[in-house]
1. How much of the DSSP beta bridge set in the chain is antiparallel, as a percent to the nearest 5?
2. In whole Å, largest first, what are the principal axis extents of the Cα atoms in the chain?
3. So how far apart, in nm, are the two label points at residue 235 and residue 206 if each is 7 Å from Cα heading toward Cβ?
4. How much length is gained on full extension from residue 190 to residue 102, taking 0.36 nm per residue of separation minus their Cα-Cα distance?
5. Viscosity 1.002 mPa s, temperature 20 °C: what is the translational diffusion coefficient of the range 99-211 from Stokes-Einstein with a Kirkwood Rh over Cα pairs, rounded to a whole number of µm²/s?
6. List 77, 236 from most exposed to least, where exposure is judged by having the fewest other Cβ atoms within 10 Å.
7. Modelling each spin label as a point 7 Å along the Cα-to-Cβ direction, I'd like the residue 283/residue 111 distance in nm, to one decimal.
8. Would you mind getting me the FRET efficiency between residue 247 and residue 9? Use the beta-carbon distance for r and R0 = 35 Å, nearest 0.05.
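All of the numbers you see were taken from the coordinates with simple rules; none came from a lab. All of these numbers come straight from a predicted model, not from anything done at the bench. Here the Cβ positions follow ideal geometry from the backbone for every residue, glycine too, while neighbour counts run over all protein chains shown.
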Ligand code: 9Z3
């Protein structure tokens, strides 16, 4: 009998641009396969669950993509090559520093009778230069590949392809699953083709999305260092749920966080122990990001994992 996840893939056609993304992934992987560059696949942002095939309405979630996009920058700082798999229009590494009005506020408009010019305000030059330098270097070294998804279906197809293509990197590869993926969906045969008419109240029935960590850990990237995130709103459940996931899927690390304070505090849960990473008020006020500390911890653990594996081989 086909498992839930096999059934899921067989009942959802593959997204139109998947082949193109797979080609980009193969090029990226080939570039880093011979050598010792470490590679991380970062997933980021929320997924949508369409209510109609011709989608006007969808179920969404709060994720802005801050965790994934900032972590990507810190992984690049540490020499990793990154596949950044993100929700369309969510935050992206580097450009996130200039999103919204932030960018406009960094510019001066100079209008004279000889013409108009736009300059970066002098106090912003060092900051922009720093971001731009890192961005250009990541691209020039071929260390950043950005791929996108919108729906939970696109996410699951792309994730499977990415895992299968990155699998030959074995223990050199980290999976850092920070995207907030919907747990519920509407099967295509139960979905309205056209916009649901607003003539009467609707009851929508949502099915459970298969737990994709199961095949991911055991079949797709069995030798990679897999890190998942666990989000809760009830603190009494958080650590138990994280441990439950570790026991069930047998991967390496769950980073547990609460909706109420996830920008400032996470708990790292491993098979052996758990410990908190928390920004102090001074660190927050100084503009530090918790992802810098999370990534440092993950990289250290990845190092131990590789050393442990090579000791055994
Ligand atoms: C997270 O917990 C991420 O840290 C956030 C980041 C979504 C809170 P933002 O994008 O938010 O910075 O706004 N991701 C949750 C991943 C998730 O849903 N995991 C599944 C679960 O908890 C298992 S893989 O059941």
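1. The antiparallel fraction comes to roughly 40 percent.
2. 73, 65, 43
3. Label-label distance for residue 235 and residue 206, simple model: 2.6 nm.
4. Using 0.36 nm per residue and subtracting the Cα-Cα distance, I get 27.4 nm.
5. 108 µm²/s
6. Ascending Cβ contact count within 10 Å gives the list 236, 77.
7. Computed distance between label sites residue 283 and residue 111 equals 4.6 nm.
8. 0.85
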